[in-house]
Amino acid sequence: MNEARKPVIVVHGGAGTWHSERRQPGLEGVKRAAKTGFEILEHGGSAVDGVMEAVAVMEDGGVFNAGYGSSLNIEKRVEMEASIMDGRTLQAGAVGLLEDIKNPVCLARVVMEETDHVFVVGEGAEKLAEIFNLERKEPITELRLKYYEKQRKALREGKLQLPRLADLIRKHPELFTLETVGAVALDKEGNVATATSTGGFPLKLPGRIGDSPLIGCGTYADNQVGACSATGVGEIAIRLVLAKTVCDFMDNGKTAQEAVELAVDLVNRRIPDTYNSMGLIAVDVCGGVGAAHNSPTMCWTYITPEIQKPVAYLTAKIVK
Ligand code: ASP
């Protein structure tokens with residue numbers, strides 16, 4: 001039995017370029033999510049409940065690239081993905097290729113708690129949602145349609161010959177809004193958990209899976225060390241197994257803040273010359289909070305019992 005801890009929640013609303021007109025709703029959105037999760041923790045709720053509810057609030061908000069308001073793929077369709085991990089048992093659940101599930105993070109929890117599997121995608125996941133009576137909602141918003149048209153226009157204007165989307169992104173970073181959401185928490189029992197949810201990369205190929213639902217890449221939690229949620233270019237986090245790497249740094253005695261900074265530094269050193277925007281949040285088992293990124297911005301906040309009025313930020317420690 002772990003001794004009683006002070007609960008902590010850290011929430012992100014994505015790395016990348018936050019357009020000025022959307023900054024305020026983003027900051028308000030992460031604060032609302034963190035408050036929801038923290039209230040659960042304060043009343044003795046579990047870290048898993050805290051991160052799931054925090055992420056669900058952001059999926060419902062229409063502000064972030066997750067749930068309602070997800071980015072469109074190159075075929076103008078939404079394919080959402082999400083994951084959740086319980087650091088107490090190392091159980092995890094993940095879902096992908098979802099077209100209209102209102103809260104992908106809740107379906108990830110169903111996979112974790114009601115099946116023998118970790119990762120279920122597409123039709124199978126949609127069937128599971130039906131069995132467990134999860135709500136459906138059309139996730140496409142006016143804003144995402146507007147972004148989609150702009151992005152397609154940029155592609156049409158001579159960029160179609162590009163062999164890699166990375167070149168396009170380098171030239172037009174403003175078109176690629178990375179507003180994935182995530183949360184990590186430590187509860188009063190000393191248990192940690194994490195959850196991450198996304199519509200994925202704008203203009204992604206159909207069937208593309210990013211880091212967010214991949215355990216160890218976008219999401220990882222282990223009661224012995226802490227928890228981490230990633231945002232940014234999923235392919236980078238996958239190649240570096242980044243969320244688990246952050247936890248490994250904590251396992252080697254680093255605080256949450258030191259661990260996320262080391263991990264972003266690793267990104268910069270090991271994958272320096274492609275579009276490598278990444279953002280990371282973490283909590284360690286001592287209640288230490290970590291947030292770092294190499295992207296221009298990252299929308300995030302955190303709450304501990306000492307914080308009366310949470311402040312949301314558009315940057316954390318920028319590691320260059
Ligand atoms: N990591 C997400 C992905 O690659 C994008 C993001 O963080 O916004 O799908």
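Against the condition at pLDDT below 95, of a type outside the set (Lys, Arg), open to solvent by 80 Å² or more (accessible area, probe 1.4 Å) and closer than 30 Å to Val289 by Cα, how does Glu189 come out, does it pass?
No: the conditions fail for Glu189.
Could you please find all residues in the range 228-243 being within 15 Å of Gln257 (Cα to Cα) and either open to solvent by 10 Å² or more (accessible area, probe 1.4 Å) or more than 7 Å from the ligand (Cβ to nearest atom) (or both)?
Once the filter is applied, which keeps residues that are within 15 Å of Gln257 (Cα to Cα) and either open to solvent by 10 Å² or more (accessible area, probe 1.4 Å) or more than 7 Å from the ligand (Cβ to nearest atom) (or both), the range 228-243 yields Cys228, Ser229, Leu242, Ala243.
If I filter the range 248-258 for residues that are among the hydroxyl-bearing types (Ser, Thr, Tyr), at pLDDT 95 or above and either buried (at least 20 other Cβ atoms within 10 Å of the Cβ) or at negative phi (or both), do I get at least one hit?
yes
Is it true that some residue in the range 3-24 is within 16 Å of the ligand (Cβ to nearest atom), open to solvent by 20 Å² or more (accessible area, probe 1.4 Å) and either aliphatic (A, V, I, L, M) or within 24 Å of Lys204 (Cβ to Cβ) (or both)?
Looking for residues that are within 16 Å of the ligand (Cβ to nearest atom), open to solvent by 20 Å² or more (accessible area, probe 1.4 Å) and either aliphatic (A, V, I, L, M) or within 24 Å of Lys204 (Cβ to Cβ) (or both), one finds at least one in the range 3-24, hence yes.
Out of curiosity, is Thr315 within 17 Å of the chain's Cα centre (by Cα), surrounded by 22 or more Cβ atoms within 10 Å (Cβ to Cβ) and either at pLDDT 95 or above or part of a loop (DSSP other than H, G, I, E, B) (or both)?
No.
The values are calculated or read from the model by the stated rules, or taken from the named source; none is laboratory data. The model shown is predicted, which means the values in this text are computed figures rather than measured ones. Quick reminder, even Gly has a Cβ in these numbers, built from the backbone with ideal geometry, and neighbours come from all protein chains shown. Each accessible area value is taken on the protein alone, full model and side chains, heavy atoms only, with ligands, DNA and RNA left out. Shrake-Rupley method; radii C 1.70, N 1.55, O 1.52, S 1.80 Å.
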